[in-house]
1. Checking the conditions here, which among VAL77, VAL69 is touching a residue at least 60 places away in the same chain (Cβ under 8 Å), out of contact with any Ser or Thr (no Cβ under 9 Å at 6 or more places or on another chain) and assigned to a helix (DSSP H, G or I)?
2. Suppose we filter GLY53, GLY93 for residues that are surrounded by 10 or more Cβ atoms within 10 Å (Cβ to Cβ), over 30 Å from GLY120 (Cα atoms) and modelled with pLDDT under 75; which single one remains?
3. Please count how many residues of region 68-97 are more than 26 Å from the chain's Cα centre (by Cα) and more than 21 Å from THR108 (Cα to Cα).
4. When the residues of region 101-133 are narrowed to those that are part of a loop (DSSP other than H, G, I, E, B) and among the aliphatic types (A, V, I, L, M), which ends up farthest from ASN60 (Cα to Cα)?
5. Testing TYR64 on (1) part of a helix (DSSP H, G or I); (2) at pLDDT below 80; (3) hydroxyl-bearing (Ser, Thr, Tyr), one condition comes back false. Which one is that?
6. Is it the case that region 32-46 has a residue that's exposed (fewer than 10 other Cβ atoms within 10 Å of the Cβ), modelled with pLDDT of 85 or more and not hydroxyl-bearing (Ser, Thr, Tyr)?
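The values are calculated or read from the model by the stated rules, or taken from the named source; none is laboratory data. On a predicted model such as this, the values are computed, not experimentally measured, just so you know. Glycine also receives a Cβ, built like all others from the backbone with ideal geometry; neighbour counts cover every protein chain displayed.
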Amino acid sequence: MITTGQYNWVALFLLGGACVLGLAFALAALYRPAARPSMLKRLTYESGARALGDALLRFNIRFYILAIVFLMFDVDVIFIFPWAVSFRLLVFGDNNIVFTPIGPSALTEMFVFLGILIIGWAYAYRKGALEWV
């Protein structure tokens, strides 16, 4: 059963968070520069040369598709690496660590994950998303 004392702790936590946020905004207002930047300061800086043309150029959609495919495979590597590092512990366990190994299902789950990844790669290849030119 929830008592009013527990709600008091939540209210105190929220009040403390609001105070910290207000203090951060007050300190930022106190220490930030008050002067507005001049037009010279607002100019785009590109390696000491003046910027020519508009920055809002149209790019070919292939650049975006290739970037998304790259991110897809890059994030998959982030998931695969920790699994590979802990594979021995997942399957066989360790006497020194209190951990129940999950056995062959760890390998099966990774095969399913890699299968989905390969299907995604084949789909992207078939659609021409991996073609640069």
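1. Numbers: VAL77 fails: touching a residue at least 60 places away in the same chain (Cβ under 8 Å).
Within the list VAL77, VAL69, the selection yields VAL69.
2. On the way: GLY53 fails: surrounded by 10 or more Cβ atoms within 10 Å (Cβ to Cβ).
So the residue among GLY53, GLY93 that is surrounded by 10 or more Cβ atoms within 10 Å (Cβ to Cβ), over 30 Å from GLY120 (Cα atoms) and modelled with pLDDT under 75 is GLY93.
3. Residues in region 68-97 being more than 26 Å from the chain's Cα centre (by Cα) and more than 21 Å from THR108 (Cα to Cα): 3 in total.
4. Taking the candidates together, the pick is ILE102.
5. Condition (2) is where TYR64 drops out.
6. yes
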